[in-house]
Amino acid sequence: DAYRVAVLGATGAVGRAMVETLARRNFPVAELRLLASPKSAGQTISFRGEPVVVQAAEEAAFAGIDIALFSAGADASLTFAPLAVRQGAVVIDNSSAYRMHEDVPLVVPEVNPHALAHHRGIIANPNCSTIQLVVAVKPLVDLGLEHIHVATYQAVSGMGQKAVDALMQEVARGPASSEPTLFPVVSQPEHYPMAFNVLPQCDVFLDNGYTKEEMKLVNESRKILELPGLAVSPTAVRVPVLYGHSEAVALRFSRPVRVEEVRERLARAPGVVLVDDPARRRYPHPRMAAGTGETYVGRIRQDLSDPHTVLMFIVADNLLKGAAWNAVQIAEALIGRGV
Ligand code: 2RA
């Protein structure tokens, strides 16, 4: 069987990664329909060596579509997901619009594929920094996981292609440049230099003093792992990296846990590449992960002051495993279940 697939947001950083990933994973595409805003329509994007013209998104464009991959922001998802479902498509939405909805599964195929069973037309792709965290944490949950402390080091591509271009320009201008551009949040009035800097803000602040990005790590992890009582203490930081989010994580368990036990489980965990050999200076970093769909884990060690706690470092490509790769894996799981 082959499927008619639509990509909404096709000209964006994640949309382009979705088109590339459909080809790279050899997804059975009978027809590819690329959709975007009217101002982005008309561009062509190559798929399996053929140019595909990007069309303006509208309900009729979803007629006959089997699977629609969305990555055009929450507003576009709220507008078009119900229309696409009405046209008979299953929507896999990378935006935050539906992630916490009761009847919308929030899925990482290596972690909670069973959640796909009760979808009602819309399936949500989790936030990039959540995906890599739960891929690494899931194999350790039944050791009695109680508390996740996570500090993220997030690449600027999470803010889109314009942020990648802006960082490159800032770096080119050198550290003396005092022309802050769009970091950390385009829409907020205060902008700070991103080059040679780190900014402890990803997305906007909420009334509780946390950012939206940090609360996604709390709320989405609990939903995906089905651990409503799980304690999560997040700090999300933007760093001058182009591709690849990193996370320094401390996991506290209800009983003492041995590093060897953690390593054994991660070595055989789906979607995980264990890179953990300090004697040979082997550990995960973004330049290793970028361009791949795996989640890399290393620097695994006992907390020096708490036998119940294990520390580790988790890295993944935020556009691939963090978005496009995971979304296509969900599509594969769906057709595997006979969508
Ligand atoms: C970011 N996770 O990195 C958010 C959205 N991609 O900006």
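The values are calculated or read from the model by the stated rules, or taken from the named source; none is laboratory data. As the structure is a prediction and not an experimental result, all values here were calculated from the model. Cβ coordinates were reconstructed from backbone atoms using ideal geometry, including for glycine residues, and neighbour counts include every protein chain displayed. Side chains included, ligands, DNA and RNA excluded: accessible areas come from the protein's heavy atoms. Shrake-Rupley method; radii C 1.70, N 1.55, O 1.52, S 1.80 Å.
Considering Cα pairs under 8 angstrom that are at least six residues apart, work out the relative contact order of the chain and quote it in whole percent.
18 percent
How about Lys321: which aspartates and glutamates have a C-alpha closer than 15 Å to its C-alpha, ignoring those fewer than 8 places off in the same chain?
Glu20, Asp93, Glu110, Glu247, Glu294, Glu332
Give me the accessible area of Glu294, 1.4 Å probe, in Å² rounded to the nearest 10.
70 Å²
So how many Å³ per residue does the convex hull of the Cα atoms of the chain work out to?
Dividing the Cα hull volume of the chain by its residue count gives 153 Å³.
So what's the angle, to the nearest 10 degrees on a 0 to 90 scale, between helix 212-225 and the longest Cα principal axis of the chain?
Orientation of helix 212-225: about 90 degrees from the principal axis.
Less than 14 Å apart at the alpha-carbon level, and either on another chain or at least 8 residues along: which aspartates and glutamates does that give for Lys162?
Cα-Cα hits under 14 Å: Glu170.
What are the residues whose amide H is under 5 Å from the amide H of Val52, where those residues sit 5 or more places off or on another chain and H is modelled from the backbone?
Amide H neighbours of Val52, under 5 Å, 5+ apart: Ile45, Ser46, Phe47.
With N residues in the stretch 1-126, what two-decimal value do you get for its Cα radius of gyration over 2.2 N^0.38 Å?
Compactness ratio reported: 0.99.
Along the stretch 90-103, what does the Karplus equation 6.51 cos²θ - 1.76 cosθ + 1.60 (θ = phi - 60°) give for ³J(HN,Hα), rounded to whole Hz, x for Gly and Pro?
Ordered by residue, 3J(HN,Hα) equals 9, 9, 10, 9, 7, 7, 7, 3, 10, 4, 9, 5, 3, 9 Hz.
Over what distance in Å are the Cα centres of the stretch 204-283 and the stretch 302-330 separated?
The stretch 204-283 and the stretch 302-330 have Cα centres separated by 5 Å.
What value, in deg cm²/dmol to 500, does the helix sum -39500 (n - 2.57) over DSSP H runs of n ≥ 4 give at 222 nm once divided by the residues of the chain?
It comes out at -7500 deg cm²/dmol, rounded to the nearest 500.
Helix 325-336 versus the longest principal axis of the chain: what is the Cα-based angle in degrees, 0 to 90, to the nearest 10?
Long axis of 325-336 versus the principal axis of the chain: about 70 degrees.
About its Cα centre, what dipole magnitude does the chain give when the only charges are +1 on Lys and Arg Cβ and -1 on Asp and Glu Cβ, stated in debye to the nearest 20?
With Lys and Arg at +1 and Asp and Glu at -1, about 620 debye.
Please determine, in degrees from 0 to 90 and to the nearest 10, the orientation of helix 13-24 with respect to the longest principal axis defined by the Cα atoms of the chain, where the helix direction is its Cα long axis.
80 degrees
Using only the Cα atoms of the stretch 128-270, build the gyration tensor, take square roots of its eigenvalues as a ≥ b ≥ c, and label the shape rounded, prolate or oblate: rounded if a/c is under 1.5, else prolate if a/b is larger than b/c, else oblate.
Prolate, because a/c is 1.5 or more and a/b exceeds b/c.
Considering the dipole of the stretch 142-301 built from charges on the beta carbon (Lys and Arg +1, Asp and Glu -1) around the Cα centre, which of Asn219, Gln201, Ala155 is farthest to its positive end?
Ala155
May I ask you to evaluate 6.51 cos²θ - 1.76 cosθ + 1.60, the Karplus curve with θ = phi - 60°, for each residue of the stretch 185-200 and list the ³J(HN,Hα) values in order in whole Hz, giving x for glycine and proline?
My calculation for the stretch 185-200 gives 9, 4, 6, 7, x, 7, 10, 10, x, 9, 5, 6, 9, 9, 10, x Hz in order.
In whole Hz and in residue order, list the ³J(HN,Hα) couplings for the stretch 288-293 that follow from phi through the Karplus curve 6.51 cos²θ - 1.76 cosθ + 1.60, θ = phi - 60°; x for Gly and Pro.
Calculated HN-Hα couplings, in order: 7, 7, 4, x, 10, x Hz.
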